[in-house]
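Everything on this sheet refers to the single structure shown next.
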Amino acid sequence: MSTHRRSRAEWREIVERQARSGLSIIRFAARERLSAQSLFWWRWRLRSDGETPVAAPADGTASTEKLELIPVELARVDPLPVGTSTGFELRLGTDITLRIPCGFDARELRRLLEVLQQSC
């Protein structure tokens with residue numbers, strides 16, 4: 001992370017670049033070697049003061065459309081019949097392979113893993 005103290009104008013330019021980039025603040029901060037926490041704070045501060053408009057899309061087009069929520073209908077999906085899947089295998093090193101069937105008891109598996117961990 002950079003420890004350089006930046007002016008308000010520099011942070012304004014950084015916030016605007018981040019918005020145009022299309023990257024999340026966290027990814028942009030990592031790429032630019034900045035503190036994501038500082039970038040979040042400066043975005044909030046500048047917007048609170050009315051200094052930073054919502055950025056245009058990264059492709060340079062200006063959108064005048066408003067965001068709108070639309071209803072979504074979820075389809076009901078029946079679960080697979082028991083026995084359709086064989087479950088999964090959990091390999092512990094080269095010597096131990098656990099074959100875990102569908103519908104396993106998670107508490108029993110956790111207990112088995114604890115016993116195995118204690119014996120290693």
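Observations
- Simple Cβ-charge dipole of region 8-48, Lys/Arg +1 and Asp/Glu -1, about Cα centre, in debye nearest 20: 80
- The gain in end-to-end length when the Arg47 to Asp105 segment is fully stretched comes to 15.8 nm, 0.36 nm per residue minus the alpha carbon separation.
- Full extension of the chain segment joining Glu16 with Gln117 gains 31.3 nm, where the gain is 0.36 nm per residue of separation less the Cα-Cα distance.
No value in this document is a laboratory result; all are computed from the given coordinates. Note that this is a predicted model, so its numbers are computed, not measured. Backbone-built Cβ (ideal geometry, glycine too); neighbour counts: all protein chains shown.
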